1. State whether one or more residues within segment 133-147 are among the aliphatic types (A, V, I, L, M), surrounded by fewer than 22 Cβ atoms within 10 Å (Cβ to Cβ) and away from ligand 2 (no atom under 15 Å from the Cβ).
2. Report whether or not F178 is closer than 23 Å to K269 by Cα and either more than 8 Å from ligand 1 (Cβ to nearest atom) or surrounded by fewer than 17 Cβ atoms within 10 Å (Cβ to Cβ) (or both).
3. Determine, yes or no, whether F217 is touching a residue at least 60 places away in the same chain (Cβ under 8 Å) and touching an Asp or Glu at 6+ places or on another chain (Cβ under 7 Å).
4. In segment 210-264, which residues are in contact with a Ser or Thr (Cβ under 9 Å, 6 or more places away or on another chain) and aliphatic (A, V, I, L, M)?
5. Going through E114, E51 one at a time, which residue ends up being at pLDDT below 90 and either out of contact with any Lys or Arg (no Cβ under 8 Å at 6 or more places or on another chain) or not in a helix (DSSP H, G or I) (or both)?
6. Filter segment 185-204 down to residues that are among the polar types (S, T, N, Q) and in contact (Cβ under 8 Å) with a residue 12 or more places away in the chain and give me whichever is farthest from A157 (Cα to Cα).
7. Is it the case, given these coordinates, that E367 is in a helix (DSSP H, G or I) and either in contact (Cβ under 8 Å) with a residue 12 or more places away in the chain or surrounded by 15 or more Cβ atoms within 10 Å (Cβ to Cβ) (or both)?
8. Just need a number here: residues in segment 215-269 that are under 30 Å from V337 (Cα atoms) and either of a type outside the set (D, E, K, R) or within 16 Å of ligand 2 (Cβ to nearest atom) (or both).
Amino acid sequence: MDYQQLKAEIIAYSKEIGIDKIGFASADPFLELKNRLIRQQELGYQSGFEEPDIEKRANPAVLMEGANSIISIALAYPSKMKTRVESKKGERRGIFCRASWGLDYHLILKDRLEKLEAFILSKVQEAKVKAMVDTGELSDRAVAERAGIGWSGKNCAVITPEYGSYVYLGEMITNLPFEPDDPIEDQCGSCTKCLDACPTGALVQGGQINAKRCISFLTQTKDMIPEEFRDKIGNRIYGCDSCQTACPHNKGKDFHFHVEMEPDPETAKPLLKPILSLSNREFKKKFGTAAGSWRGKRPIQRNAIIALAHFKDETSVPELIQVIENETNPVLKGTAVWALSKIGNEAAYTALIKIKDREKDSEIQTEIAKALKKIERKRAN
Ligand code: SF4
Ligand code: SF4
């Protein structure tokens, strides 16, 4: 088999099926990554969403016997919306990060990888392939870096010279011996713009992230968000793009190659108040095909409450009261109490006093007492 020829055919086919960049890497263990992951674990910087077995993440041979090479693919996604949302005065909106605009990228990459797999198998019937998208097993970024897709920026994203870091990454391990491509030289230099732009100081040092401080991770958790981060979250209801938008290599990068990635502005920048009363069915209908819905309705609702507090939206007081009175989820109730204390107007104060006597949950009662004190302190100043 002429693998040079097959590689050229795969590259040509990838363009036909809407893969914007493709690279080939050896399937040798990722030793540097392994050390970094161990260090990350020791420091407690992991999100908890990743594959816990470091060996699996750093050694392709554990995932496929006879692994010989890895094909890395990248698809560029839009960074700007073609149509703007029409907001009426006083209407408050949240924002999903760009990687959650349009159809869930897992589905888009899966489609391209399946086509690629079928193509390879049509050429080499005995080939073994194993495709992966953000499964947490193999590190998409480490593979992409090795395959020359881009370099790993200080913001922990893979930056491609063509599309910046606005790319979705996927990969496929194979037992075929493709010649590897050369990695791209790191072009961050002395720049620290992403570190300076990070609202929570989550980028500990170039290339290392403390996931527990990262808004992108925090918006995906299901618990109460620690108070120190709530103000910093602003109106982000899923993910955070600040360390990407700050990057000079993303300047002017906005690609609209894939129709399924085009965002519906009403979903990507939704009105906040209606989110609080969505039924499961309504949530699924509105957000179900977006990558940002993977943790379900409640984290999005909690983040919408934080966003309303960020705007100090006095018109949302009745909706927040409804949450405290009708919800059973203590995270939503507790966050709504906190939001009322941030808004802190007369309506919020009176409502909290009334609710306090009716509330049965002792933890929520404590939160209400704290919120009332906060408003009283503010009034006294
Ligand atoms: S995603 Fe946001 S919070 Fe996380 S490192 Fe980047 S700028 Fe910081
Ligand atoms: S902002 Fe600067 S340091 Fe950060 S990833 Fe971009 S080029 Fe690198």
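1. Scanning segment 133-147 turns up at least one residue that is among the aliphatic types (A, V, I, L, M), surrounded by fewer than 22 Cβ atoms within 10 Å (Cβ to Cβ) and away from ligand 2 (no atom under 15 Å from the Cβ).
2. Details: closer than 23 Å to K269 by Cα: no; either more than 8 Å from ligand 1 (Cβ to nearest atom) or surrounded by fewer than 17 Cβ atoms within 10 Å (Cβ to Cβ) (or both): yes.
For F178, the condition - closer than 23 Å to K269 by Cα and either more than 8 Å from ligand 1 (Cβ to nearest atom) or surrounded by fewer than 17 Cβ atoms within 10 Å (Cβ to Cβ) (or both) - is not met.
3. For F217, the condition - touching a residue at least 60 places away in the same chain (Cβ under 8 Å) and touching an Asp or Glu at 6+ places or on another chain (Cβ under 7 Å) - is not met.
4. A211, I215, L218, M224, I225, I233, I237, listed by residue number.
5. Going through E114, E51 in turn, just one is at pLDDT below 90 and either out of contact with any Lys or Arg (no Cβ under 8 Å at 6 or more places or on another chain) or not in a helix (DSSP H, G or I) (or both): E51.
6. By that ranking, first place goes to T200.
7. Details: in a helix (DSSP H, G or I): yes; either in contact (Cβ under 8 Å) with a residue 12 or more places away in the chain or surrounded by 15 or more Cβ atoms within 10 Å (Cβ to Cβ) (or both): yes.
In short, yes.
8. Just the residues of segment 215-269 that are under 30 Å from V337 (Cα atoms), to begin with: 215-242, 265-269.
Cutting the leftovers down to either of a type outside the set (D, E, K, R) or within 16 Å of ligand 2 (Cβ to nearest atom) (or both) gives us 215-221, 224-226, 229, 233-235, 237-242, 265, 267-268.
Looking only at that region, the number is 23.
The values are calculated or read from the model by the stated rules, or taken from the named source; none is laboratory data. Please read all numbers here as calculations on a predicted model, not as lab measurements. Neighbour counts run over all protein chains shown; Cβ positions are idealised from the backbone, glycine included.
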